[in-house]
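Undergrad: Can you keep this structure in mind? I'll have questions shortly.
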Amino acid sequence: MSDREARHAHPIRLPGEGDGHQLPGPAERVTVTFEGLDAGVEELTWGQWSIWEAMSRHGSWMPLGGRKPLEAGVSVRDVAEELRYLMTRYPSMRTRLRFDAGPDPVQELFGSGEAFIEIHDVPDDEEPEETAAAVEAHYRHAPFAFADDWPVRMAVIRRRGELTHMVAVMCHLVTDVAGARAMLQEVAARTTTPSVGMQQLEQARWQRSAAGRLQDDRSLRHHEKLLTAITPRPLPSSAQPPGPRYWSAELRSLALRPAAQAVAQRTGATPSTVLLALYAVALARVTAVNPVVVRPIVGNRFRPGLANVVCMLSQLGLCVLDVADTTVDEAVARTRRATLSAYKYGYYNPRRLAELIDRVSRERGPGFDISCVFNDRRDEFPGDGAPAALTLEQARAAGDGSVFRWAGKTDRPSERLFLNVEEEPEGILLSFTADTRHFPPARFETLLRSVEDLAVGAALDPAAPTGVASADTRFRPARTL
């Protein structure tokens, strides 16, 4: 067995796993049998390869899911039927990896099998929510064996004979966020009509076909053109602060959603494109690096046969954005054109692209880096009609309600810069993680608040400038209202 096979055959283990993440006690297990359509062994799809490489690089199986309270009267049988539904309906839930077919893992879809649900009983004097949280933490941190484990861990919490909570955690190989939404909708409706779309085994076969190779070749040519045109400009280095290398912070913004919608309505772009443009402008102002190289996550569900398939389809695109000497509206227009190309060519064989990036990186030398990711996890929407005009007083009030906080530190490898965008009931959550050797913690809050300030400024003034000058390398904080 090669070193690569040996590494992939073992469970992915997280730094410090097991510390404080033990199960609260012994659990009863209920076996759930399932039987689904189709079975077989195939190469990994491009989407599976993309997330597999990310999991291997980050040392994490990137669990999705969590815990939720259950309505009164829900039985163990009800939950077992839900698990059976998931395992039966979705091929990605019945898929494991194999490491005995060569140097790279392959996927194996099983036609039938047995899964299980754990039942954790809570003493009368303890809170079920605490037990549910402990089970979820254990599920997220326990090692995952890709060749032996089904990609879902499910449990229920019981007190005095009544179920109070359910915990369900899935490996990211099952699906991306958009696929998870489709799954939740079908589970809630208990959809029984046959699944439509190209499932994983068929995707792998198509990607090997002449049509798939043509798509991949075109994507590689597009990426090579962009990569070779990038001027190597390293992010400003900084002395690493004491403690873990990668820091995370969050900004809960009340102003960002209405402001971004107003700019989107005026420019004809989507709110996601507006936020990507704002992020690029904020980065250029804080780092003094322009053009800005950003890798937006491409969902690929606009492609034929892939709209609602529950599987991993997302891949990293590539945008090179010049945001200097212009207005925010024009920066949005430039971003819109760049993202259309990123989406068109964001479906490719990640192994070949990785080889291309490695080659170009060696040729270009120090300062060549594209590890800046933008991930909008929300439903893409153009806005429901024309938003109400945003006044200066409303913008100031919303800005006053925005909250910045530090969210964590880790030595687990990550991208140099990674921005997540999530929807919240009252606004938008920006979650930012960075390598502090290249992005000092002192500028985290400035960056996130710059995104908000730029959005509000552009919503109030169609001629608002980006504040980035092509020849200016000084640090330029965003203007304040």
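The values are calculated or read from the model by the stated rules, or taken from the named source; none is laboratory data. The shown structure was predicted, so the numbers you read here are calculated from the model rather than taken from an experiment. Here the Cβ positions follow ideal geometry from the backbone for every residue, glycine too, while neighbour counts run over all protein chains shown.
Undergrad: When only residues in the stretch 91-115 that are polar (S, T, N, Q) and within 11 Å of Gln200 (Cβ to Cβ) count, which is surrounded by the fewest Cβ atoms within 10 Å (Cβ to Cβ)?
TA: Gln107
Undergrad: Here's something else I'd like to know. Tell me, please, whether a residue that is surrounded by fewer than 19 Cβ atoms within 10 Å (Cβ to Cβ), at pLDDT 95 or above and in contact with a strand residue (DSSP E or B) (Cβ under 7 Å, 6 or more places away or on another chain) can be found in the stretch 348-370.
TA: Checking the stretch 348-370: not a single residue is surrounded by fewer than 19 Cβ atoms within 10 Å (Cβ to Cβ), at pLDDT 95 or above and in contact with a strand residue (DSSP E or B) (Cβ under 7 Å, 6 or more places away or on another chain).
Undergrad: Please find, among Ala101, Ala27, Ala39, the residue that is within 26 Å of Val135 (Cβ to Cβ) and among the hydrophobic types (A, V, I, L, M, F, W, C).
TA: On the way: Ala101 fails: within 26 Å of Val135 (Cβ to Cβ); Ala39 fails: within 26 Å of Val135 (Cβ to Cβ).
Exactly one of Ala101, Ala27, Ala39 is within 26 Å of Val135 (Cβ to Cβ) and among the hydrophobic types (A, V, I, L, M, F, W, C), namely Ala27.
Undergrad: Looking at Met93 and the list (1) in a strand (DSSP E or B); (2) in contact with a helix residue (DSSP H, G or I) (Cβ under 7 Å, 6 or more places away or on another chain); (3) within 20 Å of Ala54 (Cα to Cα), which single condition is not satisfied?
TA: Met93 satisfies every listed condition except (1).
Undergrad: Then there is this: I'm told Leu235 meets every condition in (1) closer than 24 Å to His58 by Cβ; (2) not assigned by TED's automatic domain parsing to the domain that holds Arg412 except one. Can you identify the failing condition by its number?
TA: If we test Leu235 against (1) closer than 24 Å to His58 by Cβ; (2) not assigned by TED's automatic domain parsing to the domain that holds Arg412, just (2) comes out false.
Undergrad: Kindly provide the set of residues from the stretch 163-195 that are surrounded by fewer than 23 Cβ atoms within 10 Å (Cβ to Cβ) and among the small types (Gly, Ala, Ser), ordered by number.
TA: Scanning the stretch 163-195 gives Ala168, Ala178, Ala180, Ala182, Ala188, Ala189, Ser195.
Undergrad: Next up: Identify all residues within the stretch 415-472 that are in the same structural domain as Val403 (by TED's automatic domain parsing) and polar (S, T, N, Q); write none if there are none.
TA: Scanning the stretch 415-472 gives Asn420, Ser431, Thr433, Thr436, Thr446, Ser450.
Undergrad: Here's a follow-up. For the stretch 177-193, state whether one or more residues are acidic (Asp, Glu) and over 30 Å from Ala80 (Cα atoms).
TA: No - not one qualifying residue is present in the stretch 177-193.
Undergrad: Name the residue that is modelled with the highest pLDDT, counting only residues in the stretch 196-219 that are assigned to a loop (DSSP other than H, G, I, E, B) and loosely packed, with under 15 Cβ neighbours inside 10 Å.
TA: Within the stretch 196-219, the match that is modelled with the highest pLDDT is Ser209.
Undergrad: At pLDDT 95 or above, surrounded by fewer than 23 Cβ atoms within 10 Å (Cβ to Cβ), more than 19 Å from Val41 (Cα to Cα) and of a type in the set (Val, Ile, Thr) - does that describe any residue in the stretch 119-136?
TA: Yes, the conditions are met somewhere in the stretch 119-136.
Undergrad: OK, next. Run down Ala137, Ala188, Ala155 and say which single residue is more than 22 Å from the chain's Cα centre (by Cα) and in a helix (DSSP H, G or I).
TA: The match here is Ala188.
Undergrad: If you don't mind, another one. Please enumerate the residues belonging to the stretch 441-479 that are hydroxyl-bearing (Ser, Thr, Tyr) and either buried (at least 23 other Cβ atoms within 10 Å of the Cβ) or modelled with pLDDT under 95 (or both).
TA: The answer is Ser450, Thr466, Ser470, Thr473.
Undergrad: Looking at (1) over 26 Å from Glu423 (Cα atoms); (2) at pLDDT below 95, which is the one condition that is false for His141?
TA: That leaves (1) as the condition not met.
Undergrad: Out of the residues in the stretch 192-214 that are touching a residue at least 24 places away in the same chain (Cβ under 8 Å) and out of contact with any Leu (no Cβ under 9 Å at 6 or more places or on another chain), which is nearest to Gln107 (Cα to Cα)?
TA: Arg205
Undergrad: Being at pLDDT 95 or above and not aliphatic (A, V, I, L, M) is the requirement here; does Ser402 meet it?
TA: no
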